[in-house]
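Undergrad: Before I ask anything, let me first share the structure, which is written out below as structure tokens.
Read-outs: derived from the displayed coordinates by stated rules, not from any lab. All figures in this text were calculated on a predicted structure; none of them were measured in a lab. Cβ: placed from backbone, ideal geometry, glycine included. Neighbour counts: every protein chain shown.
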Ligand SMILES: [Zn+2]
């Protein structure tokens, strides 16, 4: 007996010498489509599902790119303080040390693959060593922020930076700090910086969520467009 797609009646087959295969989309692909497109298909085959499958992935990937782009621009606004102790009686919980070691020269882009690889801040248009150092600093900052965000922090304190040059003329930037959660960030950072930090934290969680969705892991009760923080 010939199996036919429950959605479009197209023959389901493994393919043969002269025919191309037509299989059902996997459960994970199907749940991504129904979630993103707001549909409720019970099944889709390669033939009837291709367009909507491409569309759903395109939507998710564009959202991921947008969020990454935002994080890249906003990373320098994440609260990073050189002081090791907060002024006054501000309560905070230390989550742990965050570090970034960058060598800008050969292998710069490999270095970037740690943390959120594609996150770096503004780089000016100088050339030579100054450019390398600026690139390295922006990349190190991006890595530090992404590590802190992954730990659930809303600020980094005790930030320390060391610069160096390797034998083969690469610039090195070593940055470290302590990721913390400040109980009352507005009291320490002011309203504006607190809002920026909240947006960055929100964007980070949104990025994690979008990546999870794009792998077909959709949790009960989740909707495709959650609202941003108030
Ligand atoms: Zn079909």
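Undergrad: Please arrange 199, 213 by how many other C-beta atoms lie within 10 Å of their C-beta, fewest to most.
TA: Numbers: 199 17, 213 21.
Starting with the residue having the fewest Cβ neighbours, the order is 199, 213.
Undergrad: Given a Förster distance of 22 Å, report the FRET efficiency between residue 19 and residue 211 from their Cβ-Cβ distance, rounded to the nearest 0.05. Can you show the working numbers first?
TA: On the way: r = 36 Å, r/R0 = 1.65.
Calculated value: 0.05.
Undergrad: Just need the relative contact order of region 1-77 here, percent rounded to a whole number, with Cα pairs under 8 Å and 6+ apart.
TA: Details: 72 pairs, mean separation 19.8, N = 77.
Relative contact order here is 26 percent.
Undergrad: Taking the simple approach of a point 7 Å from Cα along Cα-to-Cβ for both residue 9 and residue 198, what is their distance in nm?
TA: 5.6 nm
Undergrad: Report the antiparallel proportion of the DSSP beta bridges in the chain as a percent, rounded to a multiple of 5. Before the final figure, lay out the partial values.
TA: Values: 24 of 25 bridges.
Once the DSSP bridges in the chain are tallied, antiparallel ones form about 95 percent.
Undergrad: Would you give the gap between the C-alpha center of region 176-210 and the C-alpha center of region 14-88, rounded to a whole Å?
TA: Measuring centre to centre over Cα atoms gives 25 Å.
Undergrad: Let me ask something else about it. At q = 0.11, 0.23 Å⁻¹, what log₁₀ I(q)/I(0) does region 1-77 have when each alpha carbon counts as one equal point scatterer in the Debye sum?
TA: -0.41, -1.00
Undergrad: Moving on to the next point. Identify which of 195, 47, 132 has the largest mean-square fluctuation in a Gaussian network model of the chain, with springs joining Cα atoms closer than 10 Å.
TA: Evaluated over the chain, the most mobile residue of the options is 47.
Undergrad: Return, for the Cα atoms of region 24-67, the radius of gyration and Dmax in Å, separated by a comma.
TA: 10.4, 32
Undergrad: For the chain, what relative contact order do you get, as a whole percent, if you take Cα pairs closer than 8 Å and at least 6 residues apart? Walk me through the numbers on the way to the answer.
TA: On the way: 371 pairs, mean separation 53.4, N = 230.
Over the chain, the number comes to 23 percent.
Undergrad: Could you calculate the contour length gain from residue 65 to residue 168, that is, 0.36 nm times the residue separation minus the distance between their Cα atoms, to one decimal place in nm?
TA: Numbers: separation 103, 0.36 × 103 = 37.08 nm, distance 3.47 nm.
My answer for the length gained is 33.6 nm.
Undergrad: How big is the C-alpha Rg of the chain next to the rule-of-thumb value 2.2 N^0.38 Å, as a ratio?
TA: On the way: Rg = 23.4 Å, N = 230, 2.2 N^0.38 = 17.4 Å.
Rg over 2.2 N^0.38 Å, computed on Cα atoms: 1.35.
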